[in-house]
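What follows is a short report on a single structure.
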Amino acid sequence: MASRREFIKTGGLATLVGLTIGYVGNKSVFGFEGFYKIPMESKLNSIANFTYDKFTPLVNSDFSIWQKGIGKIGSIRLVEVKKIFFEADRIRGLNTNTISLLFKANKNVNFEEGNYEFIHPKLSRVKLFVVPVTSDKSYYEVTVNNHAT
């Protein structure tokens with residue numbers, strides 16, 4: 001049985017080797033993008049551009065919802081854009097820009113929580129995580145968190 005010191009030393013070495021292999025195999029691991037490679041479509045449609053002012057003019061307009069491997073699921077209408085403030089962020093001095101987007105689905109549109117591609121003529125394509133907020137799945141919410149640096 002290994003001592004605690006040997007266990008920690010072995011775990012530390014294994015972590016170092018794993019990170020080194022990851023760095024050699026994928027140079028973006030420690031690059032400008034941080035630990036994860038950022039998809040090109042996300043770079044082109046930066047979530048940092050998704051602000052209250054960007055979405056407010058789109059209230060009462062329709063977004064097409066697509067899912068990879070399935071195709072178009074249907075359309076949902078943006079019915080509300082709301083700014084969200086967190087007291088904890090204010091206390092910590094963080095400059096945040098968090099918004100909630102509330103969508104209403106047509107009766108024939110019904111889908112589970114998950115990542116979907118949203119398409120709107122004024123935004124182009126963007127992948128967002130959407131959650132049903134009513135039991136009959138007639139309303140869905142997307143929350144966008146932006147932390148200014």
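Table for the structure above
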| quantity | calculated |
| --- | --- |
| FRET efficiency, 1/(1 + (r/R0)^6) with R0 25 Å, evaluated for THR143 and LYS104 via beta carbons | 0.90 |
| Net charge contributed by nearby residues that have their C-beta within less than 12 Å of LYS107 (K/R +1, D/E -1) | +1 |
| Computed label-point distance, nm, for sites ASN60 and LYS122 using a 7 Å Cα→Cβ extension | 1.2 |
| Relative packing of 125-131, 96-102, which averages over residues the other C-beta atoms within 10 Å, highest first | 96-102, 125-131 |
| Under 16 Å from the VAL79 label point (7 Å along Cα→beta-carbon), backbone N, region 106-144 | 106-111, 131-142 |
| Phi-based couplings in Hz for region 52-57 (Karplus 6.51, -1.76, 1.60; Gly and Pro marked x) | 4, 5, 6, 8, 4, x |
| Gain on full stretching of the segment that runs from PHE86 to GLU113 - 0.36 nm per residue minus C-alpha separation | 7.3 nm |
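Coordinate-derived values only; no laboratory data. What you see is a predicted model; the values in this text were computed from it and never measured. When we count neighbours, we look across all protein chains shown, and the Cβ atoms used for this are built from the backbone with ideal geometry, even at glycine.
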